[in-house]
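The values are calculated or read from the model by the stated rules, or taken from the named source; none is laboratory data. This is a predicted model, so every value here is computed, not measured. Heads up, the Cβs are rebuilt from the backbone with ideal geometry, glycines too, and the neighbour counts pull from every protein chain shown. Surface accessibility is based on the protein's heavy atoms, side chains included, excluding ligands, DNA and RNA. Shrake-Rupley method; radii C 1.70, N 1.55, O 1.52, S 1.80 Å.
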Amino acid sequence: MIAIPLLDALLDSWDRNNAILINLLRALPDSAMDARALDDSPTVAQLFMHVHFVRLVFVVEDAPDFARPLPEEEWGVERDRDRLAAMLNDSASAVRDAVEARLRAGRGMDLHYDHPVLMLQHMIWHEGYHHGQIKLALKAVNQAFDDEAIGRLTWGVWMDKRKASS
């Protein structure tokens, strides 16, 4: 079992991670969804879909009782940012619910992780990696964010003492 205040902080970190991803998505210029870091790299739209897909795959494999339907393609393209934000919020909820339930029950994950906390840590690391790829893709097409402006929407969410919201 995990102490409730620690559980609340852990789940808040996941909520903040998702808020950062949604903030990044909403801050993108319309033309950026097709940006790529390199010619053979996935587009920004594909990277967001990949994140959504990976979240859901790991829930299916590690806590199938919280599974949601998988998208048809891991690297599919969704350019409607409102729809994509809703998809990301749904997959974030699936991960959160799975991890919280397993922690409260004192039960491990089914396939990949020694402990449910490791699933959240893996997801945050994975999404931070792709966050960097998205920002690199924007630089590659001369549409880089102003660091001060994007910092409030990304790093600032981690450091804000108030609850995150997406």
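The table below gives the values:
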| quantity | calculated |
| --- | --- |
| Per-selection Kirkwood Rh - region 46-142 (Cα, Å, 1 d.p.) | 14.0 Å |
| Listed residues Leu70, His52, Ala19: farthest to the positive end of the dipole of the chain (Cβ charges) | Ala19 |
| Label of the coordinate-derived value, percent of Cα pairs over 28 Å apart, listed as (1) 17; (2) 30; (3) 22 | (3) |
| Helix-derived mean residue ellipticity, 222 nm - over the chain, DSSP H n ≥ 4, -39500 (n - 2.57), to 500 | -21500 deg cm²/dmol |
| For peptides 100-106, 83-89, 66-72, 55-61, sequence by mean Cβ density within 10 Å, most packed first | 55-61, 83-89, 100-106, 66-72 |
| Charge dipole magnitude, Cβ of K and R +1, D and E -1 - region 1-119, Cα centre, debye nearest 20 | 360 debye |
| Pairwise centroid distance, computed over Cα atoms, of region 1-53 with region 73-131, Å | 10 Å |
| Ser31, Ser91, ranked by accessible area, largest first (probe 1.4 Å) | Ser31, Ser91 |
| Region 39-65 residues near the modelled Asp30 label - backbone nitrogen below 18 Å, point 7 Å along Cα→Cβ | 44-45 |
| Mean separation of Cα contacts under 8 Å, 6 or more apart, over the residue count of region 83-166: relative contact order % | 13 percent |
| Hull shadow area, averaged, region 18-95 [alpha-carbon convex hull, nm²] | 5.2 nm² |
| Label point distance in nm, Arg152-Arg107, each placed 7 Å from Cα along Cα→Cβ | 4.4 nm |
